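This report refers to the structure that appears directly beneath it.
The values are calculated or read from the model by the stated rules, or taken from the named source; none is laboratory data. Since we're looking at a predicted model, the values are computed, not measured. Positions of Cβ are backbone-derived with ideal geometry, glycine not excepted, and every protein chain shown enters the neighbour counts.
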């Protein structure tokens with residue numbers, strides 16, 4: 001079976017990866033599961049939450065993205081990330097200037113989030129054409145003082161912050177700038193590039209959790225908002241109904257996706273946060289986030305039947321909610 005670009009399909013996780021996980025240890029509270037981006041490990045009277053993500057499809061601000069994207073995974077548990085390590089892989093011909101650029105980007109991002117960089121690895125790797133960073137972020141909290149992506153319950157509201165395709169919009173506006181300049185003004189592309197500044201979801205995740213009523217959170221990365229919603233429903237073993245008209249999508253995202261003929265709901269969306277909340281708390285969470293300058297919208301609800309994944313379109317018709325095969329960023333990046 002030839003694999004698509006990006007994340008491997010769920011079937012591969014279940015049939016191969018999840019069957020080869022070493023020994024079982026009593027300290028592991030939460031290990032590998034579909035739709036779960038972090039592990040929870042007991043350490044004394046506290047728990048360590050850890051997550052790992054690579055940055056492979058971006059060239060600009062790669063070090064900054066590595067810190068923020070991994071920090072986001074920890075924040076979805078409702079806690080602040082505090083530690084970070086990285087494996088930096090450089091293509092043949094890379095110079096110490098490249099390492100300095102990446103290191104400075106990582107340092108800037110880590111200081112802003114009050115994260116300590118505790119180690120890692122850096123090497124020149126034969127066979128690759130651009131830098132790749134694999135990062136690991138960690139956070140520490142009290143036992144049972146967190147949520148996971150698998151806690152959504154039937155009847156819970158589904159909240160989305162900011163909008164779809166945030167990271168993908170910024171990557172394309174930067175890495176495909178020459179191509180996009182044929183269609184769009186420099187002002188438009190500058191606004192799209194500034195989406196990088198919206199990548200962190202740490203503050204909104206912690207704020208939502210502290211407001212109360214949150215049952216699950218997930219950040220939609222590869223596969224976009226559509227993939228993130230599917231992963232959240234998978235992890236929670238529930239269904240979901242999503243209202244197309246409620247999903248916020250910025251004009252820059254819509255226009256760039258139209259240019260590349262891709263779906264904004266299937267475009268990598270770091271910077272957005274999916275929140276499952278008890279219905280009675282949903283409006284309060286939205287208002288709390290808006291007071292902090294973070295746009296948030298109730299875009300759907302979770303259902304009892306796990307196989308029921310529904311999209312209600314703008315005209316009121318219902319269809320199966322898409323499950324991305326591969327992130328549409330890869331489709332756009334292949335365009336010459």
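The table that follows gives values for the structure above.
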{"item": "Residue list for the range 304-331, filter: in a strand (DSSP E or B), more than 18 Å from residue 34 (Cβ to Cβ) and in contact (Cβ under 8 Å) with a residue 40 or more places away in the chain", "result": "310, 311, 312"}
{"item": "Subset of the range 127-142 that is in contact with a strand residue (DSSP E or B) (Cβ under 8 Å, 6 or more places away or on another chain) and not in a strand (DSSP E or B) - its residue that is surrounded by the fewest Cβ atoms within 10 Å (Cβ to Cβ)", "result": "128"}
{"item": "Sole residue being assigned by TED's automatic domain parsing to the domain that holds residue 188 and in contact (Cβ under 8 Å) with a residue 24 or more places away in the chain, chosen from 151, 168", "result": "168"}
{"item": "Residue 263 vs. criteria at pLDDT below 95 and either surrounded by fewer than 24 Cβ atoms within 10 Å (Cβ to Cβ) or within 21 Å of residue 296 (Cβ to Cβ) (or both)", "result": "no"}
{"item": "Members of the range 143-158 that are surrounded by fewer than 24 Cβ atoms within 10 Å (Cβ to Cβ) and either closer than 20 Å to residue 299 by Cα or touching a strand residue (DSSP E or B) at 6+ places or on another chain (Cβ under 7 Å) (or both)", "result": "143, 146, 147, 150, 151, 153, 154, 155, 157"}
{"item": "Residue 202 vs. criteria more than 16 Å from residue 151 (Cα to Cα), at pLDDT 95 or above, crowded, with 24+ Cβ neighbours inside 10 Å and within 14 Å of the chain's Cα centre (by Cα)", "result": "no"}
{"item": "Yes/no for residue 242 being more than 24 Å from residue 10 (Cβ to Cβ), in contact with a strand residue (DSSP E or B) (Cβ under 9 Å, 6 or more places away or on another chain) and not assigned by TED's automatic domain parsing to the domain that holds residue 78", "result": "no"}
{"item": "Filter pass, residue 124 being surrounded by fewer than 17 Cβ atoms within 10 Å (Cβ to Cβ) and either closer than 25 Å to residue 37 by Cα or touching a helix residue (DSSP H, G or I) at 6+ places or on another chain (Cβ under 6 Å) (or both)", "result": "no"}
